[in-house]
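Read through the structure below, which is laid out as structure tokens, and then see the notes.
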Protein chains: 2
Amino acid sequence: MLSAQDAIEGIPAPTNIAGGSYPRILPDGKAVFRVNAPQADKIQIDLGKLYDGQKDDKGIWMVTTDPLEPGFHYYSLVIDGVRVSDPASETFYGTGRMSSAIDVPEPGVDFYTIKDVPHGDIRHKNYFSKITGTWRSVYIYTPPGYDNSGSEQYPVLYIQHGGGEDERGWAIQGKTDIILDNLIAEGKAVPMLVVIPNGNVSRPGMTAGGYNDEAMAVFGEELIGNIIPFIEKNYRVKPGSENRAVSGLSMGGGQAFYTGLRNTDVFANVGVFSTGLFGGIGRPGAGDSAFDPESVIPGILTNSESFNKKLDVFYISVGEQDPRIEATKKLVATFRDKGLEVGFSSFPGGHEWQVWRKSLHDFAQRIFK
Amino acid sequence: MLSAQDAIEGIPAPTNIAGGSYPRILPDGKAVFRVNAPQADKIQIDLGKLYDGQKDDKGIWMVTTDPLEPGFHYYSLVIDGVRVSDPASETFYGTGRMSSAIDVPEPGVDFYTIKDVPHGDIRHKNYFSKITGTWRSVYIYTPPGYDNSGSEQYPVLYIQHGGGEDERGWAIQGKTDIILDNLIAEGKAVPMLVVIPNGNVSRPGMTAGGYNDEAMAVFGEELIGNIIPFIEKNYRVKPGSENRAVSGLSMGGGQAFYTGLRNTDVFANVGVFSTGLFGGIGRPGAGDSAFDPESVIPGILTNSESFNKKLDVFYISVGEQDPRIEATKKLVATFRDKGLEVGFSSFPGGHEWQVWRKSLHDFAQRIFK
């Protein structure tokens, strides 16, 4: 006779540690978590919504969620009120710590699935930052064939993670290498390097990261003063603003907006994904009505034609269930009203990696053409 | 007035998440952990030895350990009996899950510290295994200058993690890139590639990893049949056994012993670090007296001269506080008694990464010369 446990259907989440059966994703999109904790008084799973577990007579707790949206969701295991990562899950730097996550497959969507196509490398490299006074690390995607292409040079996309994340975000959660490998194999994107820095930059004594002007400025100094010269010295990349793009999600979208639009001589391509700059949650003290783009980027509304001349691609995206969507749409309308050329896409989903994977997939097809 | 917390001395562990103050390492080598868990009945830290925490009136638990040995120690936070990783720590794949760890600096030892020397890359690459029928990943260290050295070819060290770990072990815990960068800068090791595969290999239906003959054999097939051809196709490496080394720690040391010594036409350099093959803990059902090398590697004792001719370097190391040390020393004595040339080193420490970092540092200086 099958036990209740054996009878559970579904598939192990792809984010489980190797060989792990739980958490499982059921055919209806619900997830089931399993925790062995006979001595605990209360076990919960926090997926934004808090789900209580039920304990059996052997001390095994099971938690079943509502149907989950497709995509990558950070979650916590809550043991007697303490939020920790689930030993059953791989961990990912997000929410300011190594967090569990569950990646729910999206039916019919395979642009971030590894396929039998030529694969590039993701490289990990240490460099010394004169801003922070420390060694820092950066990931660099080099496209298929880079090693055997002689003196060929490539354009570069610089891409930033969100608040509470670091350079591992786009390298791991974002599946940058797989998305680019597939796009390049299909001929939909040109071969490019993708450089994935740590956006939490601070001078000694400052708090790293954040949406304030000082944090945005110091990130721009790090990118333009340290990272770009390091990349251009060590990799075969094309010079010139038309061969550079800067993009990012949430806090990193703010960084792309500030750094890209203030330096159109350096970047002719700017991609802003789900940024909190434009209102909604995520920018302490600022809502949509408080954001005046002209105050941040002088001329963006009053001299839009000069931006149109310098920019090849200016792109904004957001999730359709993200609280930022209305403010973002309003800003895009304002930009267009003032004659600024801006591409806009929205995707199903909230403030989540599935939207950002789709944003990269979309943006990478528009640039360097 | 300082609170008890402010008054604590020491330094944040280098393995903490960015900006984290705890765990701290005190001047006398003790570690102090801090956990905010007002609703928990019991908080412990498991570092092999179990340490109980003390709760203050705000629900903050503090745990102070005995003085810790220098080096990298996996640990668990235990909340009401449930072993999880500590949200304050980076996580590392070890003990079969994403585990917390504390890396205690060793005074005067800086061979694995990032220095201002030329740095290689650690690359992450996906390949398809015909053995497992799945996509797998491998890390590849390419030395400084690899990208700009034209058609120059390099020797390759293949190196394996231990049980409960995966390919991230040598890439992250082992600090392979930093160790090699420093050795190459000092002229103590020749520029080489280091290939870091996942040693948990199984055919569909088998259990991955382990010390049994089938697991050892299938690993050898994966390494020689899939990984080496993949590397030799995609990277500029020298052909010939004299330009290949295979090594590993614990379970991976067993894999290096089996695969290397059974295939001396493929590998002329074999490094075996702290392997459980030779007895002590870690090899279910086998102690030192049960291990007969001749049964595993025919001729190793009875025809040692043929091995001496084919091998440039055969190297064994172990920690001086590792339960395996006596069995290992006895085997080395047996080998030497039979005329087999074998290098041997021991280092202070138990069955731990500090011994393995030192083993790599030692072995890498001996090979390809």
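The values are calculated or read from the model by the stated rules, or taken from the named source; none is laboratory data. What you see is a predicted model; the values in this text were computed from it and never measured. No Cβ is skipped: glycine too gets one built from the backbone with ideal geometry, and neighbour counts run over all protein chains shown. The protein model used for the area step is the full one, side chains on, heavy atoms only, and it has no ligands, DNA or RNA in it. Shrake-Rupley method; radii C 1.70, N 1.55, O 1.52, S 1.80 Å.
Show the residue pairs that are 6+ apart or on different chains and have beta-carbon atoms under 7 Å apart, the first residue being within region A:43-72 and assigned to a loop (DSSP other than H, G, I, E, B), the second being surrounded by fewer than 12 Cβ atoms within 10 Å (Cβ to Cβ).
A:P67/A:D28
Say whether the condition of being aliphatic (A, V, I, L, M), more than 30 Å from B:Q39 (Cβ to Cβ), facing chain B (nearest Cβ under 8 Å) and out of contact with any Leu (no Cβ under 6 Å at 6 or more places or on another chain) is met by at least one residue in region A:104-112.
no
Only one residue in A:I172, A:I196, A:I184 is in contact with a strand residue (DSSP E or B) (Cβ under 7 Å, 6 or more places away or on another chain), open to solvent by 20 Å² or more (accessible area, probe 1.4 Å) and closer than 15 Å to A:I122 by Cβ, so which one is that?
That would be A:I172, the only listed residue that is in contact with a strand residue (DSSP E or B) (Cβ under 7 Å, 6 or more places away or on another chain), open to solvent by 20 Å² or more (accessible area, probe 1.4 Å) and closer than 15 Å to A:I122 by Cβ.
In region B:343-369, which residues are out of contact with any strand residue (DSSP E or B) (no Cβ under 6 Å at 6 or more places or on another chain) and open to solvent by less than 10 Å² (accessible area, probe 1.4 Å)?
Scanning region B:343-369 gives B:R357, B:L360, B:A364.
Given the criteria of a type outside the set (G, A, S) and surrounded by fewer than 17 Cβ atoms within 10 Å (Cβ to Cβ), does B:T142 qualify?
No.
Residue-wise test of (1) of a type in the set (G, A, S); (2) not in a loop (DSSP other than H, G, I, E, B).
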| residue | (1), (2) |
| --- | --- |
| B:D116 | no, no |
| B:K125 | no, yes |
| B:A171 | yes, yes |
| B:L183 | no, yes |
| B:V194 | no, yes |
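Search region A:85-103 for residues being of a type in the set (A, V, I, L, M) and open to solvent by less than 10 Å² (accessible area, probe 1.4 Å), and hand back the single one that is farthest from the other protein chains (Cβ to nearest Cβ). Give the derivation first.
Going residue by residue through region A:85-103, those that are of a type in the set (A, V, I, L, M) are A:88, A:98, A:101-102.
Subset that is open to solvent by less than 10 Å² (accessible area, probe 1.4 Å): A:101-102.
Details: A:A101: 11, A:I102: 14 Å.
Among those that are of a type in the set (A, V, I, L, M) and open to solvent by less than 10 Å² (accessible area, probe 1.4 Å), it is A:I102.
Which condition does A:P105 not pass, out of (1) touching a residue at least 40 places away in the same chain (Cβ under 8 Å); (2) touching a Ser or Thr at 6+ places or on another chain (Cβ under 6 Å), if it passes all the others?
(2)
Of all residues in region B:73-84, count the ones that are open to solvent by less than 30 Å² (accessible area, probe 1.4 Å) and part of a strand (DSSP E or B). Full working, then the answer.
Restricting attention to region B:73-84, the residues satisfying the condition of being open to solvent by less than 30 Å² (accessible area, probe 1.4 Å) are B:73, B:75-80, B:82, B:84.
With the extra rule that they be part of a strand (DSSP E or B), the set shrinks to B:73, B:75-79, B:82, B:84.
Within region B:73-84, residues that are open to solvent by less than 30 Å² (accessible area, probe 1.4 Å) and part of a strand (DSSP E or B) number 8.
If I ask for residues that are within 18 Å of the chain's Cα centre (by Cα) and either hydrophobic (A, V, I, L, M, F, W, C) or open to solvent by less than 30 Å² (accessible area, probe 1.4 Å) (or both), which ones from region B:147-163 would you list?
B:V156, B:L157, B:Y158, B:I159, B:Q160, B:H161, B:G162
Taking region B:155-178, which residues are more than 13 Å from chain A (Cβ to nearest Cβ), more than 22 Å from B:K233 (Cα to Cα) and among the β-branched types (V, I, T)?
If the condition is that a residue be more than 13 Å from chain A (Cβ to nearest Cβ), more than 22 Å from B:K233 (Cα to Cα) and among the β-branched types (V, I, T), then no residue fits.
For residues in region A:199-220 being open to solvent by 40 Å² or more (accessible area, probe 1.4 Å) and either part of a helix (DSSP H, G or I) or touching a Phe, Trp or Tyr at 6+ places or on another chain (Cβ under 6 Å) (or both), which is modelled with the lowest pLDDT?
Applying the filter and picking the extreme gives A:D213.
What about A:V35, is it within 11 Å of chain B (Cβ to nearest Cβ) and in a strand (DSSP E or B)?
yes
Provide a single number: the residues in region B:333-342 that are surrounded by fewer than 19 Cβ atoms within 10 Å (Cβ to Cβ), part of a helix (DSSP H, G or I) and touching a strand residue (DSSP E or B) at 6+ places or on another chain (Cβ under 9 Å).
Total satisfying the criteria: 1.
What is the one condition in (1) over 20 Å from A:A40 (Cα atoms); (2) touching a Ser or Thr at 6+ places or on another chain (Cβ under 9 Å) that B:D57 does not satisfy?
(2)
Mind checking whether some residue in region A:313-321 is open to solvent by 10 Å² or more (accessible area, probe 1.4 Å), in a helix (DSSP H, G or I), touching a helix residue (DSSP H, G or I) at 6+ places or on another chain (Cβ under 7 Å) and in contact (Cβ under 8 Å) with a residue 40 or more places away in the chain?
Looking for residues that are open to solvent by 10 Å² or more (accessible area, probe 1.4 Å), in a helix (DSSP H, G or I), touching a helix residue (DSSP H, G or I) at 6+ places or on another chain (Cβ under 7 Å) and in contact (Cβ under 8 Å) with a residue 40 or more places away in the chain, one finds none in region A:313-321, hence no.
Given (1) away from chain B (no Cβ under 11 Å); (2) closer than 27 Å to A:M216 by Cβ, where does A:P143 come up short, assuming only one miss?
Only one criterion is unmet by A:P143, namely (2).
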